[in-house]
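Student: Have a look at this one.
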Amino acid sequence: MNDFTQSAEHPTNAHPARVYNVWLGGKDHYEVDQEAAELAARANPTIVPSVRANRAFLGRAVRHLATSGIRQFLDIGTGVPAADNTHEVAQRADPDARVVYVDNDPIVLAHARALLVSGPGGQTDYVQADARDVDAILDAASDTLDLDQPVGLMLVAILQYIKDSEDPWDITRRLLDRLAPGSYLVLSHPAADVTAPEVAESMRIYNERAASHASATPRTRGQVEGFFEGLELLTPGVVTLTRWRPDPADTPDDTLPMWCGVARKA
């Protein structure tokens, strides 16, 4: 662990951003996160390759949108900074791109300065908020982003932490409702119907160690397709991570239990 975690008060529950950091090989987490990450990965060995494939999907999707003219991104549930953050990928394609990151974890806040290092022509900002706080997120994001112009909305591996009873589909619709036509939704989500027993067991282990508001729910392909209702899905539709517009050197792996897709708001 780094000096920040050693000097901070240790929490009793695992947090998604910090567990994800463990799986990415980072150092910004607590013992409770390390334990949850290791036990979940032991139950489902596809977790670590899935996390890395998810990061690669984010990069391909952002690159596609940025080269297609999207100059603004709202990345909710960004997690601890890692290689190829959204603004880095976007600003390589368009140096004027603007990005707002959103997360509710204090460790992410502690690293916000790293997230805020923009290229000279673009801009980045960070909002400390929960993904359920739609109005607060959009009101704060509007200080940096022009919501009357298209935005790339990034909901990458975040909606599993919103329970069915909290209606993540409605939260997604409310976010999109305030975004301009021509905006895009980039989304990935753990699958309940790919390597299902292993996913169920790893989620059970994680949920035992997470706070109730951060427990995770995998969903089926049909449920994930519901997030894109009313939008124009880009080909190839909702697919496993390595199937979404892979780079030439990529090797497809349909055992990785995550669905993903990108869609446009008409």
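The values are calculated or read from the model by the stated rules, or taken from the named source; none is laboratory data. Given the structure is predicted, the values throughout are model-derived calculations rather than measurements. Here the Cβ is made from the backbone with ideal geometry for all residues, glycine too, and neighbour counts use every protein chain on show. Ligands, DNA and RNA are excluded from the accessible area calculation, which covers all protein heavy atoms including side chains. Shrake-Rupley method; radii C 1.70, N 1.55, O 1.52, S 1.80 Å.
Student: What residue among Thr12, Thr46, Thr217 has the largest mean-square fluctuation in a Gaussian network model of the chain, using Cα springs under 10 Å?
Tutor: Between Thr12, Thr46, Thr217, it is Thr12 that shows the largest mean-square fluctuation.
Student: Heavy-atom accessible area per residue, segment 70-219, 1.4 Å probe: how many Å²?
Tutor: 39 Å²
Student: Kindly provide the Kirkwood hydrodynamic radius of segment 73-192 in Å, to one decimal, from all pairs of distinct alpha carbon atoms.
Tutor: On the way: mean 1/r = 0.0689 Å⁻¹.
The answer is 14.5 Å.
Student: Taking the Cβ-Cβ separation of Asp167 and Glu201 as r and a Förster radius of 22 Å, what is the calculated FRET efficiency to the nearest 0.05?
Tutor: 0.25
Student: Distance in nm between label sites at Glu229 and Arg52, each 7 Å beyond Cα in the beta-carbon direction?
Tutor: 3.7 nm
Student: Work out the FRET efficiency for Asp247 and Arg174 from their Cβ-Cβ distance, taking R0 = 35 Å, and round it to the nearest 0.05.
Tutor: Details: r = 34 Å, r/R0 = 0.96.
The calculated FRET efficiency here is 0.55.
Student: Now for a different question. According to a simple spin-label model (label point 7 Å from Cα along Cα-to-Cβ), what is the distance in nm between Ala211 and Ala136?
Tutor: Computed distance between label sites Ala136 and Ala211 equals 1.1 nm.
Student: Let me ask something else about it. If you scale each eigenvalue of the Cα gyration tensor by 5 and take the root, what three semi-axes come out for segment 148-194, rounded to whole angstrom and sorted largest first?
Tutor: So the three semi-axes of segment 148-194 are 22, 13, 7 Å.
Student: How many percent of the accessible area of segment 31-94 is carbon or sulfur, using a 1.4 Å probe?
Tutor: Exposed carbon and sulfur together represent 48 percent of the surface.
Student: Quick one: length gained pulling Asp146 to Asp84 fully straight, 0.36 nm per residue minus the C-alpha distance? List each step's numbers first, then the result.
Tutor: Working: separation 62, 0.36 × 62 = 22.32 nm, distance 2.37 nm.
In short, 19.9 nm is gained.
Student: Could I ask something else about it? Please compute P(r) over all alpha-carbon pairs of segment 48-91, binned at 10 Å starting from zero, and give each bin as a whole-number percent.
Tutor: 27, 58, 15, 1
Student: Separate question: Please list, in order along segment 28-34, the HN-Hα scalar couplings obtained from phi with the Karplus expression 6.51 cos²θ - 1.76 cosθ + 1.60 (θ = phi - 60°), rounded to whole Hz, x for Gly and Pro.
Tutor: Going residue by residue, I get 9, 7, 10, 4, 5, 5, 4 Hz, with x marking Gly and Pro.
Student: A further question on this structure: May I ask you to compute the full-extension gain from Asp96 to Thr255, defined as 0.36 nm times their residue separation minus their alpha-carbon distance, rounded to one decimal in nm?
Tutor: Working it through step by step, the gained length comes to 53.5 nm.
Student: Hey, any idea what % of segment 106-165's accessible area is carbon plus sulfur with a 1.4 Å probe?
Tutor: 48 percent
Student: Treating each Cα of segment 147-257 as an identical point scatterer and ignoring solvent, apply the Debye formula and state log10 I(q)/I(0) at q = 0.10, 0.11 Å⁻¹.
Tutor: The computed values of log10 I(q)/I(0) come out as -0.33, -0.40.
Student: Picking from Pro95, Pro236, Pro218, which is most flexible by a Gaussian network model of the chain using Cα springs under 10 Å?
Tutor: Pro236
Student: What share of Cα pairs, in percent, lie more than 33 angstrom apart in the chain?
Tutor: Pairs farther apart than 33 Å: 13 percent.
Student: Find me the longest stretch of the chain that has none of the exposed GluC sites (Glu not before Pro), where exposed means in a DSSP loop (not H, G, I, E or B) with at most 15 other Cβ atoms within 10 Å.
Tutor: It runs 10-228.
Student: Now, a different point. Once both labels are modelled 7 Å past Cα along the beta-carbon direction, what's the Arg113-Glu31 spacing in nm?
Tutor: 2.9 nm
Student: From largest accessible area down, sort Trp244, Trp259; use a 1.4 Å probe on the protein chains.
Tutor: Numbers: Trp244 0, Trp259 25 Å².
So, going from the largest accessible area down, we get Trp259, Trp244.
Student: A further question follows. Would you mind calculating the relative contact order of the chain from Cα pairs under 8 angstrom and at least 6 residues apart, reporting the percent as a whole number?
Tutor: 19 percent
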